[in-house]
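The values are calculated or read from the model by the stated rules, or taken from the named source; none is laboratory data. The structure presented is a predicted model; accordingly, all values stated were derived computationally and were not measured. Cβ atoms come from the backbone with ideal geometry, glycine included; neighbour counts cover every protein chain shown.
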Amino acid sequence: MEHITVYTAAHIHTMDQGRPDASAVAVADGRIVSVGSVESIEPWLRRHPHSIDDRYSDKILMPGFIDPHTHLRLSGTYMGLEYVGPIESAAPDGLRKGLPTRDAVLNQLRALAAERSDPEIPITAWGYDPASQSGHLDRDMLDQISDTVPIWVIAYAPHIIYANSPMLKLIGVDDDSVGHGIGRYPDGRLNGWFVETEATARATRPVADVVYGPGSGRAAIDRMGAVAKAAGVTTTADLVWGMADGFEPEWEDHARAMSDGTLPLRMFMIPFEPKLVREFGDDMLEFLAAKRRQGDERLNTHGIKYVNDGSYPSMTLVMNEPGYLDEDTAHTGEIPWENMVERMLPFWKAGVQIHSHANGDRTVDMTLDTLEALQRIHPRFDHRFTIEHYCISSPSQAKRLAALGGQASVNIYFVHFRAQLHSDHGFGPDRSEATARLGSLERARVPFALHSDFNLVVTPLSPLLAAWCAVNRIGADGETVLAPGERISVDSALRAITIDAAYILNRDDRLGSIEVGKHADFTVLDDDPYQVHPEDLRDIEVHDTVLAGESTN
Amino acid sequence: MSQPIKARFDELDSAWSRVVSTLNASRHHDQEKSNVQTDLAVTLLTGFLGSGKTTILRHALERPQGLKIAAVVNDVGEIEVDAHLVAAETPSRISLANGCVCCALADDLSNQLETLARTGDYDVVIIEATGVADPISVAQAIHGTNGCHLDGIVAVADSRSLEEQLGNHHTASLLHRQLQAAHLVVLSKIDLVNEDIRQTAHDLVAKAAPGSRILPVERGQIDVNVLCGASDKGVSITNSENFSNFDVVSTVINPAGPWDPIHLGNALEQSDHQLLRAKGWFDDQHGNRYHLEVVGRRWSIEQSSDGPFQALVLIGLDQIDVDAAAAMLAGITKS
């Protein structure tokens, strides 16, 4: 042990229930050597060179937060587009302020144009609302902002795109172009409008090239690495590895981001099963084993992912009777449900942990039936079969999940952001109110974690906000408590973003609490989540994160 | 140009999903360099549950007027075509003796359309979007599919319940989006309402989506040539009396042109002509032949060297509309 660094703090919540509180943690070679007080760790300090680091002495230390289900690399689109809408929006990187007027939008675009170093890359923005932001944009207006940097703004509703002259050139239209929806001034000059689907599709092609072009995956990882870090996350997992651009390119992007220092996280790549089967066939288990050997403690592969119904906000999940309020818009995944046991069996037998997406209660039933069948064919202990999302469920399903030894990784954000809307829209009042039944899971003793699914759904990525949702269950109206019996304690919620989230990823032996021998990953907070009022949990500022003993600031 | 409705918080993520679908469709289009040679015309039928989409589809499948229609629907069981016409039936597919087929909407619409295009068995596709689907997202998926083009978006509005749906804030914004996205609006079930309600419904559509071409329809009886665009198949330009059964009128312009295609495009873009459809070929001043297709507000002009003749058929609700459009076209200069 060459050198021990001792971090002191106002309070350390270790999330080790046997030794919950501490004030100092000793770190060497990226691992925790000892946790307690400066006095209690003295036997180590006497034997090794050491230094005391007081930079966090007035802060609160917790184990690094874990969001066990994200899609950072896929998030390129969202982050590549600037929001210029009129109302406050819950963007993944936090709340974005609305811009009240057209002038405010033009100022925002002007600022973006001023800082754009490469004039070849268009400024892309979305959310403009001519009805509430005082009228349409047009080509001449945007040319005044820049006549060299292409500007592309897509409106909120209906579909209109506004472009300036350089953008028109990029799209490949001029005054001689013939096409429906390509707008003109009274004198016949193009006015920079593209109206309706045919014209907007045309105007979008060069932008899609930019957004999805080479390097976009890496750029998304870098941007999202920063967002996750700012939210206090030190470990996450990509739940559709391979789906977008293939297994090797996606792995390579993450590996490079880590070696370049732009992704201050540990990352688990969870392969998307249909893609893995298509690409590797009989060699799929071999491939995963080889990748595990290639991987390390920062970047590795883990488990296998299935998707078996739609999403909560798009109202495409599969529900039991009486089903949807109006039309049934549910859809199932790519693999027919009747083939599910057969498809999961090779991974189940090989000991690969299964992560199975189920949003609706009917899909949860199917998933439980599948798990039961797997147990009959090939009984296993400690398999950590995980139902992902678990949005609409019943208390009896929680008990059955417990009986079968399964666990749940839950998207809790919808309780606040969406549930009240769906009371009269899709799911009906009962299922909407009882979205994400954490209380039932806890009473049934099912291990669970909280996740964001960021950014396949429009919710922020913030473990403290997730904990706030879980503890308070306050609806979008800011006051109604939804299904109060499904609330959980502050301690349970904080476990669900630390040690229990590590358990979900089968890494609780190495991550998720501040214990001797574990990785020295910490989240540094300005306030103590055990001391603030529970309704203020989401307002606690994240000061820093520590990854393998080093500050990421 | 219609005025958009104001942004609302609970609408933001559906707006976002439309942006993403637009980007994804572009990406799909760029990535997939397929060898599909056909160019299947796809009509998107949108409208709420119970608005009458299924009745319109059933009517089209039972009276396809020689067109081979592939209908893609949410629930094949609900379509209930005349049993005498059914040649083969599975839970997800009904084949009709007249060459039409009705199949269940798959999870991957682009894939499904490409497969239909590849068979070469069909002239047109009609997609019945689920009631809550955003037509713009589905239209973008069609634009991103090889071997297909979007012919038009047809919204079906129930004249009996339109007022109530527009008054309910849960349904109003989606209904606005459906009406505003549509190139033709079908006002259904007019046989079930009195003249006052019919007029109210008409005014509501015109207010929600200014400039709409509105087609009142009884019992789903809409002429398949108004509903779909089989560019050069199934429609006989000279035999336009076919339309007389369905309360629409048509006229043929022969010869069509010569017109400068840019002038024609500008005229169509700026005109508030009330044509439901127009299709055919015209020449420019240099003798180049072009194909013209009009679906309500939407139009397309493409060079078409193998266009068989130089004539257009105009279809409208009444003679006044058709004559006015013919006069508008006659005023277009040739250079």
Got a number for residues in the stretch B:127-137 being more than 9 Å from every other protein chain (Cβ to nearest Cβ) and either surrounded by fewer than 24 Cβ atoms within 10 Å (Cβ to Cβ) or over 18 Å from A:Leu325 (Cα atoms) (or both)? 4
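Considering A:Ala22, A:Ala9, which residue is surrounded by 13 or more Cβ atoms within 10 Å (Cβ to Cβ), in contact with a Phe, Trp or Tyr (Cβ under 6 Å, 6 or more places away or on another chain) and modelled with pLDDT of 95 or more?
Working: A:Ala22 fails: in contact with a Phe, Trp or Tyr (Cβ under 6 Å, 6 or more places away or on another chain).
None of the other options fit; the residue is A:Ala9.
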Please enumerate the residues belonging to the stretch B:69-84 that are of a type in the set (A, V, I, L, M) and exposed (fewer than 15 other Cβ atoms within 10 Å of the Cβ). B:Ala83
Could you check the stretch B:160-199 and list, in sequence order, the residues that are closer than 25 Å to B:Trp299 by Cα and basic (Lys, Arg)? B:Arg177
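Only one of A:Glu334, A:Glu327 is closer than 24 Å to B:Ala129 by Cα, of a type in the set (Asp, Glu) and either within 24 Å of the chain's Cα centre (by Cα) or not assigned by TED's automatic domain parsing to the domain that holds A:Trp241 (or both). Can you tell me which? Spell out the reasoning first.
Working: A:Glu327 fails: either within 24 Å of the chain's Cα centre (by Cα) or not assigned by TED's automatic domain parsing to the domain that holds A:Trp241 (or both).
A:Glu334 is the lone residue from the list that is closer than 24 Å to B:Ala129 by Cα, of a type in the set (Asp, Glu) and either within 24 Å of the chain's Cα centre (by Cα) or not assigned by TED's automatic domain parsing to the domain that holds A:Trp241 (or both).
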Taking B:Leu276 as the residue in question, decide whether it is within 11 Å of chain A (Cβ to nearest Cβ) and under 25 Å from A:Arg202 (Cα atoms). no
Pairs, please: C-beta under 7 Å, at least 6 apart or cross-chain, first residue farther than 19 Å from B:Ala182 by Cα and at the interface with chain A (Cβ under 10 Å from one of its Cβ atoms) and in the stretch B:291-306, second among the small types (Gly, Ala, Ser) and surrounded by fewer than 23 Cβ atoms within 10 Å (Cβ to Cβ)? B:Ile301/B:Gly265
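Suppose we keep only residues that are among the acidic types (Asp, Glu) and assigned to a loop (DSSP other than H, G, I, E, B) within the stretch A:120-146. Which one would you say is farthest from the other protein chains (Cβ to nearest Cβ)? I'd like the intermediate steps shown before the answer.
Within the stretch A:120-146, the first condition is being among the acidic types (Asp, Glu), and the residues that meet it are A:120, A:129, A:138, A:140, A:143.
Restricting the remaining residues to those that are assigned to a loop (DSSP other than H, G, I, E, B) gives A:120, A:129, A:138.
Working: A:Glu120: 18, A:Asp129: 4, A:Asp138: 12 Å.
Once the filter is applied, the top-ranked residue is A:Glu120.
When the residues of the stretch A:224-279 are narrowed to those that are polar (S, T, N, Q) and buried (at least 18 other Cβ atoms within 10 Å of the Cβ), which ends up nearest to A:Leu525 (Cα to Cα)?
So in the stretch A:224-279, the residues polar (S, T, N, Q) come out as A:234-236, A:259, A:262.
Those still in the list that are buried (at least 18 other Cβ atoms within 10 Å of the Cβ) too: A:234-236.
Numbers: A:Thr234: 14, A:Thr235: 17, A:Thr236: 19 Å.
Only one residue fits best here, namely A:Thr234.
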Which members of the stretch A:454-496 meet the condition of being surrounded by fewer than 23 Cβ atoms within 10 Å (Cβ to Cβ) and within 14 Å of chain B (Cβ to nearest Cβ)? A:Leu456, A:Val457, A:Val458, A:Pro460, A:Gly475, A:Ala476, A:Asp477, A:Gly478
Here are the criteria: (1) crowded, with 24+ Cβ neighbours inside 10 Å; (2) under 24 Å from A:Tyr503 (Cβ atoms). Tell me which single one A:Arg445 does not satisfy. (1)
Do you know which of the residues in the stretch A:439-453 that are aliphatic (A, V, I, L, M) and not in a loop (DSSP other than H, G, I, E, B) is nearest to the other protein chains (Cβ to nearest Cβ)? A:Leu450
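Here is a list: A:Glu286, A:Glu334, A:Glu327. Which entry is within 11 Å of chain B (Cβ to nearest Cβ) and in contact with a helix residue (DSSP H, G or I) (Cβ under 9 Å, 6 or more places away or on another chain)? I'd like the intermediate steps shown before the answer.
Working: A:Glu286 fails: within 11 Å of chain B (Cβ to nearest Cβ); A:Glu327 fails: in contact with a helix residue (DSSP H, G or I) (Cβ under 9 Å, 6 or more places away or on another chain).
Going through A:Glu286, A:Glu334, A:Glu327 in turn, just one is within 11 Å of chain B (Cβ to nearest Cβ) and in contact with a helix residue (DSSP H, G or I) (Cβ under 9 Å, 6 or more places away or on another chain): A:Glu334.
Can you spot a residue in the stretch A:181-197 that is of a type in the set (D, E, K, R) and within 29 Å of the chain's Cα centre (by Cα)? Even if it seems obvious, please write down each step before you answer.
First, the residues of the stretch A:181-197 that are of a type in the set (D, E, K, R): A:184, A:187, A:189, A:196.
Then drop every residue that is not within 29 Å of the chain's Cα centre (by Cα), which leaves none.
So far as the stretch A:181-197 goes, no, none of its residues is of a type in the set (D, E, K, R) and within 29 Å of the chain's Cα centre (by Cα).
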If a residue must be part of a helix (DSSP H, G or I), within 18 Å of the chain's Cα centre (by Cα), farther than 23 Å from B:His273 by Cβ and of a type outside the set (A, V, I, L, M, F, W, C), how many such residues does the stretch B:155-212 contain? 2
Within the stretch A:365-389, the residues that are in contact with an Asp or Glu (Cβ under 9 Å, 6 or more places away or on another chain) and of a type in the set (A, V, I, L, M) are A:Met366
Members of the stretch A:105-126 that are in contact (Cβ under 8 Å) with a residue 12 or more places away in the chain, surrounded by fewer than 16 Cβ atoms within 10 Å (Cβ to Cβ) and among the hydrophobic types (A, V, I, L, M, F, W, C): A:Ile121
Check the stretch A:147-161 and report whether any residue there is within 14 Å of chain B (Cβ to nearest Cβ) and more than 31 Å from the chain's Cα centre (by Cα). no
Just the residues that are hydrophobic (A, V, I, L, M, F, W, C) and part of a helix (DSSP H, G or I), please, taken from the stretch A:292-338. A:Trp337
Just wondering, is there one or more residues in the stretch A:398-408 that are free of Cβ contacts under 8 Å to residues at least 40 places away in the same chain, surrounded by fewer than 21 Cβ atoms within 10 Å (Cβ to Cβ), within 14 Å of chain B (Cβ to nearest Cβ) and in a helix (DSSP H, G or I)? no
Residue by residue through the stretch A:162-199, note down the ones that are more than 11 Å from every other protein chain (Cβ to nearest Cβ), buried (at least 20 other Cβ atoms within 10 Å of the Cβ) and on the phi > 0 side of the Ramachandran plot. A:Gly192
For residues that are within 11 Å of another protein chain (Cβ to nearest Cβ) and under 20 Å from A:His451 (Cβ atoms), scanning just the stretch A:78-116, find the one that is modelled with the lowest pLDDT. A:Pro92
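Here's the yes/no breakdown for (1) crowded, with 19+ Cβ neighbours inside 10 Å; (2) within 12 Å of chain A (Cβ to nearest Cβ); (3) free of Cβ contacts under 8 Å to residues at least 40 places away in the same chain:
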site: B:Gln140; (1), (2), (3): yes, yes, no
site: B:Ala157; (1), (2), (3): yes, no, no
site: B:Glu163; (1), (2), (3): no, no, no
site: B:Leu174; (1), (2), (3): yes, yes, no
site: B:His183; (1), (2), (3): yes, yes, no
Residue by residue through the stretch B:87-138, note down the ones that are among the β-branched types (Val, Ile, Thr) and either in contact (Cβ under 8 Å) with a residue 40 or more places away in the chain or not assigned by TED's automatic domain parsing to the domain that holds B:Ser21 (or both). B:Val124, B:Val125, B:Ile126, B:Ile127, B:Thr130, B:Val132, B:Ile136, B:Val138
Based on this model, can you work out whether B:Asn242 counts as more than 14 Å from chain A (Cβ to nearest Cβ), at pLDDT 90 or above and surrounded by fewer than 20 Cβ atoms within 10 Å (Cβ to Cβ)? no
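Does B:Asn254 fit the bill of being over 14 Å from B:Gly296 (Cβ atoms) and at pLDDT below 85?
Details: over 14 Å from B:Gly296 (Cβ atoms): yes; at pLDDT below 85: no.
Considered against the rule, which asks whether it is over 14 Å from B:Gly296 (Cβ atoms) and at pLDDT below 85, B:Asn254 comes out as no.
Provide a single number: the residues in the stretch A:339-363 that are outside any helix (DSSP H, G or I) and surrounded by fewer than 17 Cβ atoms within 10 Å (Cβ to Cβ).
Our first condition is that a residue be outside any helix (DSSP H, G or I); within the stretch A:339-363, this holds for A:350-360.
Imposing the further condition that a residue be surrounded by fewer than 17 Cβ atoms within 10 Å (Cβ to Cβ) reduces the set to A:350-351.
Counting residues in the stretch A:339-363 that are outside any helix (DSSP H, G or I) and surrounded by fewer than 17 Cβ atoms within 10 Å (Cβ to Cβ) gives 2.
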